[in-house]
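The values are calculated or read from the model by the stated rules, or taken from the named source; none is laboratory data. Because the structure is a prediction, the values reported are computed rather than measured. Here the Cβ positions follow ideal geometry from the backbone for every residue, glycine too, while neighbour counts run over all protein chains shown.
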Amino acid sequence: MNLKRLSASLFAISIAILLNAQNITIIPQPKKVIFNKGNFALSGKTVISYNDPQLKFLADYTSTTIKSLNKLKLIVKNQNGTQPKIQSINLILDVKANRAKEGYLLNVTSSVISIKGATSQGIFYGVQSLLQLIPVNGDSKIQAVEIQDEPRFAWRGLLLDVSRHFFTIDEVKRLIDEMVVYKFNLLHLHLTDDQGWRIEIKKLPELTKVGAWRVPRTGLWWDREPPQNGEAATYGGFYTQEQIKDLVKYATQRHVDILPEIEAPGHSLAAIASYSYLSSSKTGYKVNPGSKFYTIDDNSLCAGKESTFEFLDIVLTEIAELFPFEYIHIGGDECYKGFWKKCEDCQKRMKDNGLKDENELQSYFIKRLEKILQQKGKKLMGWDEILEGGLAPNATVMSWRGMDGGIAAAKANHHVVMSPNTYAYLDLYQGDPAIEPPTYSMLRLNTVYNFEPAPPGIDSSFILGGQGNLWSESVPTFRHAEYMFWPRSFALAEVLWTPKSGKNWNDFIRRTECHLSRLDNSDINYARSFYDAILTPLKDEKGILTIKLNTEIEGLLCYYTFDNTNPDHHSHLYKKGEVLTIPKDADTFRVITYRNGKPVGRIMTVPLVELAKRVN
Ligand code: ACM
C-alpha cells in the first residue's frame, strides 16, 4: 500500500470511529461494544419475532415502544423455532447460554437484529439497549454493533416517597416506564410516614380513613401552619389493595421488584393519628402537614405495649401477601425516643428484658419485627440506625447516613444496599440554590457519577448494590419528581450497571445530552442544572468577599456582571482560576454560561449579601 492510500484509509477508519463514537449513546454504558460496518434500516416491514411464549409480552412491548419512538408499527410473530428472517428483530431465549441472569447479547447487522439472553429479564435489557440505538430524529437506521452486557450490581433501585406527597398509581407506573429504560430493577415505595399512610390495610381501616389525609398546605416544608381545630384534612390519598396488585403486575412484567417500606418505630405519626393506642404518650395527634413537630408530637410507636406488635403483625401480614418481593423495609431511622423515656410501658419493657438504654429498646423492637417477617417468609431491611443497640441477626442494612453504616454492616457479614445521602439523595439541590426550588443540601450530577457503592476494605459480595432516594417533602408534583430524578438517575444507572473501568465522565455527559432530547420527545421533565455556573464565594485575608467560578462540564464559558445588567457574551468573560473582587457598591452578581457562542445555562442572579452568608 503506498503512503497516499494508507493515509486515505487511515482517514476513512478514523472518520468511521468518529461516526460510531457519535452514534452510540446508550446509558448505562454497556460492558463491551464492538462496532461493525453498515446499519439496519428499520421499516414498516421489519418483523419482531420471539422463540418462547415467555417473551410475548416483551415482543409486544418492543413493538409499542418503537411505535412511540418513530411511529413505525411493527408486526410481532412467534418464531416457533424457525431461523431468523431478514429484516427481523429476534428475541431469543437461550437458557443454555452461559450468561449472567440479567445479561444479554445484542447483535445488529445490516439484515438482522438478534437479542439473546438466558432469561427474559436479560433480553428485556437487550431490548432497552436496542431502543436507545434507534435515533429519535426520525432517522430509522440502527448502527451495526455487537454488544455483550451484564450489570455490575444486582440491586439497582430508586425510592419514591409517596407519603410526604401523594403520587397516583398512574404516576408510579410512569416512573417504572422511565426507570426501566436505564435498567433500574427495583422501586422502593416509602408508603408510610408522619405525613400520610398510603396503603389500604383491610383489618385496620382507620389507617386510610384518617392516616391518609392531612390539612392542605403549600409553601416551605417545616414552616407550615399546624392543623387547626376543626380544619378538614383534604390533602392525601392511598392505594387500594386492588391497585397495588395491578401495580405489582405492571412492575413484574417490566422486571421491577417493588420494595414496600412500612416505617417503624419512628416516622409513624400517621399511624398514631389513626390508632391512638400506638402512642406512648397522649392521644389526639393529627397527621402532620409539613410543620415542625419533632419533640412536640409523638411519632414513635410505643415499644412497651404488646398491642403495637399485634398492629404491626396485621399490617405486615397484608403487606407480605401483596408484595411478592423477598424483602420488606421496616424503616428504623430517626426514631425520637424522648417519649419512650417517659412511658411506663416502655420502661417496664426495658427492665423486663435487661435493656440498658432506649437504643437497645429500638434494637429489641426491630428484632421482634424480624421474627414477624420471618414467619411470613420475608427478609427484613432497615435504615442504618438499626445497627444501634445491636443488629437483628439476618437484617439487611440500607446505608443512608453516608457509607459508614453500610461498611460496618458488611464487616459484620450483613448484606447492604448503599444509598448514602452524600451521593444518592435525589431530593437535594442539583444546582445553585439561587435558581433551584428550595430543598436541603447539594448533590450535583458529577457527585452522583462519582458514587462508588463498594468501597475498598470490605468484602464487596455483601454489597447488593445501590439506590437513589427521592424524598418528597419539597416535591409536590410528579413533574417535579421527574426534574429531580433526571438526569441524576442516568448517573446512578451507570454507577450501578457499568463496570467501574467503563465509566467516563465526559463521555457520560455526551450521552446524557443526547438523552435529554429523548426525554423531550417523551415529555419527561428533567433538570439542565449541570449547564449552570458553580459559584464559590470566598473571603480574602482581610475578610472581604471574593468569588471563584467553575462549571460541572467541560467547554463552557462564564460571562458575568456586577452592574445589575443581564450578562451575555459581551459581558466580562471569567478566566479559569480567577478570583473576582467585588467592585465598590456592587450589590448583585449575575452569571451565565455559553458554549459555542450560544447560552446553555440559566442566568443566575445572586444578591452579594446572600453570597456572603454562604462563607462562614
Ligand atoms: C432517611 O433519610 N431518614 C432514611
**Some residue of the range 299-307 being within 16 Å of the ligand (Cβ to nearest atom) and either more than 30 Å from Thr218 (Cα to Cα) or surrounded by fewer than 22 Cβ atoms within 10 Å (Cβ to Cβ) (or both)** = no
(request) Would you mind stating whether Thr536 is in a helix (DSSP H, G or I), more than 16 Å from the ligand (Cβ to nearest atom) and either polar (S, T, N, Q) or closer than 16 Å to Leu428 by Cβ (or both)? (result) no
Those residues of the range 517-543 which are within 27 Å of Tyr574 (Cβ to Cβ) and surrounded by 17 or more Cβ atoms within 10 Å (Cβ to Cβ) amount to Tyr526, Ala527, Ser529, Phe530, Tyr531, Asp532, Ala533, Ile534, Leu535, Pro537
By residue number, the members of the range 68-93 that are crowded, with 16+ Cβ neighbours inside 10 Å, free of Cβ contacts under 8 Å to residues at least 60 places away in the same chain and in contact with a helix residue (DSSP H, G or I) (Cβ under 9 Å, 6 or more places away or on another chain) are Leu74, Val76, Ile89, Leu91, Ile92, Leu93
Of (1) free of Cβ contacts under 8 Å to residues at least 24 places away in the same chain; (2) more than 16 Å from the ligand (Cβ to nearest atom), Asp404 fails just (2)
Among the residues of the range 389-401, are any touching an Asp or Glu at 6+ places or on another chain (Cβ under 7 Å), more than 16 Å from the ligand (Cβ to nearest atom), at pLDDT 95 or above and of a type outside the set (S, T, N, Q)? no
Restricting attention to the range 173-216, the residues that are farther than 30 Å from Phe124 by Cα, assigned to a loop (DSSP other than H, G, I, E, B) and in contact with a Ser or Thr (Cβ under 8 Å, 6 or more places away or on another chain) number exactly 10
Open item on the list: Take the conditions without any contact (Cβ under 8 Å) to a residue 60 or more places away in the chain, of a type outside the set (Val, Ile, Thr) and exposed (fewer than 14 other Cβ atoms within 10 Å of the Cβ) and apply them to Lys101. Does it pass?
Closed with: yes
Those residues of the range 217-231 which are over 11 Å from Pro476 (Cβ atoms) and surrounded by 10 or more Cβ atoms within 10 Å (Cβ to Cβ) amount to Leu220, Trp222, Asp223, Arg224, Glu225, Pro226, Pro227, Glu231
Those residues of the range 457-473 that are within 16 Å of the ligand (Cβ to nearest atom) and buried (at least 21 other Cβ atoms within 10 Å of the Cβ) come to a total of 7
Result of the Cβ filter at 8 Å on the range 357-369, keeping first residues that are under 15 Å from Met381 (Cβ atoms) and partners that are modelled with pLDDT of 95 or more and surrounded by fewer than 18 Cβ atoms within 10 Å (Cβ to Cβ), at least 6 apart or interchain, is none
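Conditions (1) in a loop (DSSP other than H, G, I, E, B); (2) under 30 Å from Arg156 (Cα atoms); (3) among the acidic types (Asp, Glu); (4) in contact with a strand residue (DSSP E or B) (Cβ under 8 Å, 6 or more places away or on another chain), marked per residue:
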residue: Asn229; (1), (2), (3), (4): yes, no, no, no
residue: Ala232; (1), (2), (3), (4): yes, no, no, no
residue: Asp246; (1), (2), (3), (4): no, yes, yes, no
residue: Gly284; (1), (2), (3), (4): yes, no, no, no
residue: Asn288; (1), (2), (3), (4): yes, no, no, yes
The condition of being modelled with pLDDT of 95 or more, polar (S, T, N, Q) and more than 30 Å from Ile34 (Cβ to Cβ) holds, among Thr512, Thr565, only for Thr565
Asn359 vs (1) over 30 Å from Phe462 (Cβ atoms); (2) away from the ligand (no atom under 16 Å from the Cβ); (3) touching a Gly at 6+ places or on another chain (Cβ under 7 Å): all pass except (1)
Counted residues in the range 248-269 being touching a Phe, Trp or Tyr at 6+ places or on another chain (Cβ under 8 Å) and either within 16 Å of the ligand (Cβ to nearest atom) or in a strand (DSSP E or B) (or both) come to 8
Going through (1) assigned to a helix (DSSP H, G or I); (2) surrounded by fewer than 19 Cβ atoms within 10 Å (Cβ to Cβ) one by one, Leu492 fails only at (2)
Exactly one of Val136, Val145, Val108 is surrounded by fewer than 20 Cβ atoms within 10 Å (Cβ to Cβ), over 21 Å from the mean Cα position of the chain (by Cα) and among the β-branched types (Val, Ile, Thr), and that one is Val136
Considering the range 474-489, residues that are away from the ligand (no atom under 16 Å from the Cβ) and part of a loop (DSSP other than H, G, I, E, B), and then whichever is farthest from Asp177 (Cα to Cα), we arrive at Pro476
